[in-house]
């Protein structure tokens, strides 16, 4: 089945056309600056990148441009829009309403609108993406795949915050997690690898999705029992611009000292902290360059501090989740930093021999910017350590195929 995977942002629209039988990506791209002057489409096919400027006042126009590009005789990958058999949407937050992928219906749309408060930056964009697809391809079935869905197996003791119970009852405040499609994909691959070794059933895996946004999950027997992100994607480890978990009392303290409103302090913690707040740089590659340059680099000291905070936090999560699961079979690194930062993986896994973790440092050092699954642990390691490139779009496409095929 040819599935068009859509990831709509407030002013962007990412897309991939995936053949779910071969799992090939026929072509992909992104529309940027939707509703803003200078909008464009960046389209990639067969290793070639084509950039074209178009006027894109809204997501419906952007989607029309995407479809026209897909069908273009010179740079497209299909002859006609009828070859698009289904559309799968990435949705960041399903709130307390969606626990699995589902077909788009008028009732589902109304329920999705209730998720505004849980992801105010993302939910309106998702709806615009759905509306854009409906306008251009009204007869094509659409499916929603939620980042939060995979985490709904957490027990109450893991997702419940010890606030007054009415906060949960009235406002649905609880841990929801994020990056669920990524954790689901890599943990599924890891379970297949363990099964070949005869390790099945109650497997214990920690998946580390580390990028500009990062989350860590404990997956036992194929189901999440805990995850680092919480009510929103702000909780957890330090990130590119997000602070991660802090003492909640810091929030009113900062508001008082800086005379900030609640929206101002929320914007600060989401957009001006993490790597950016400590170093003035949010791109981890810039931080790694500064660290590699050593003390002669003016950014060295703070880059070393920012990266060491993240590495330390990841190690702590691995330790706590190992205790929570009563053991550990495998650690998986994935996403931008997890896949492409050897120093991160080495530091996180160092001094973990007492846990049975031992990585091949030489192999790890040269493993980056590649698309293969790589075993990083030594033969003597009791715990498998793997780099597994994530593929959230394939998960979305497969879920979409399954739901549409069953109709």
Complete set of residues in segment 202-218 that are closer than 16 Å to residue 349 by Cα and either part of a loop (DSSP other than H, G, I, E, B) or not assigned by TED's automatic domain parsing to the domain that holds residue 236 (or both): 210
Members of segment 17-57 that are on the phi < 0 side of the Ramachandran plot, surrounded by 14 or more Cβ atoms within 10 Å (Cβ to Cβ), outside any strand (DSSP E or B) and at pLDDT below 95: 34, 39, 54, 56
Residues (buried (at least 21 other Cβ atoms within 10 Å of the Cβ) and more than 24 Å from residue 176 (Cα to Cα)) located in segment 85-109: 86, 87
Residues of segment 284-300 classified as surrounded by 13 or more Cβ atoms within 10 Å (Cβ to Cβ) and farther than 16 Å from residue 208 by Cβ, total: 10
Residue identified as assigned by TED's automatic domain parsing to the domain that holds residue 227, surrounded by fewer than 18 Cβ atoms within 10 Å (Cβ to Cβ) and under 16 Å from residue 209 (Cα atoms) among 386, 312, 317: 312
Options 121, 127, 144, 112: the member that is in a strand (DSSP E or B) and within 23 Å of the chain's Cα centre (by Cα): 144
Exclusive hit being in a helix (DSSP H, G or I), surrounded by 13 or more Cβ atoms within 10 Å (Cβ to Cβ) and out of contact with any helix residue (DSSP H, G or I) (no Cβ under 6 Å at 6 or more places or on another chain), set 236, 277, 244: 277
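Residue-wise test of (1) out of contact with any helix residue (DSSP H, G or I) (no Cβ under 7 Å at 6 or more places or on another chain); (2) closer than 18 Å to residue 8 by Cβ.
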{"residue": "107", "(1), (2)": "yes, no"}
{"residue": "110", "(1), (2)": "yes, no"}
{"residue": "114", "(1), (2)": "yes, no"}
{"residue": "121", "(1), (2)": "yes, yes"}
{"residue": "127", "(1), (2)": "no, yes"}
{"residue": "131", "(1), (2)": "no, yes"}
{"residue": "136", "(1), (2)": "no, yes"}
{"residue": "139", "(1), (2)": "yes, no"}
{"residue": "154", "(1), (2)": "yes, no"}
Some residue of segment 209-220 being over 30 Å from residue 93 (Cβ atoms) and over 16 Å from the mean Cα position of the chain (by Cα): no
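The values are calculated or read from the model by the stated rules, or taken from the named source; none is laboratory data. Every value quoted in this text rests on a predicted model; they were computed, and no experiment measured them. As a convention, Cβ positions derive from the backbone with ideal geometry for all residues, glycine included, and neighbour counts pool all protein chains shown.
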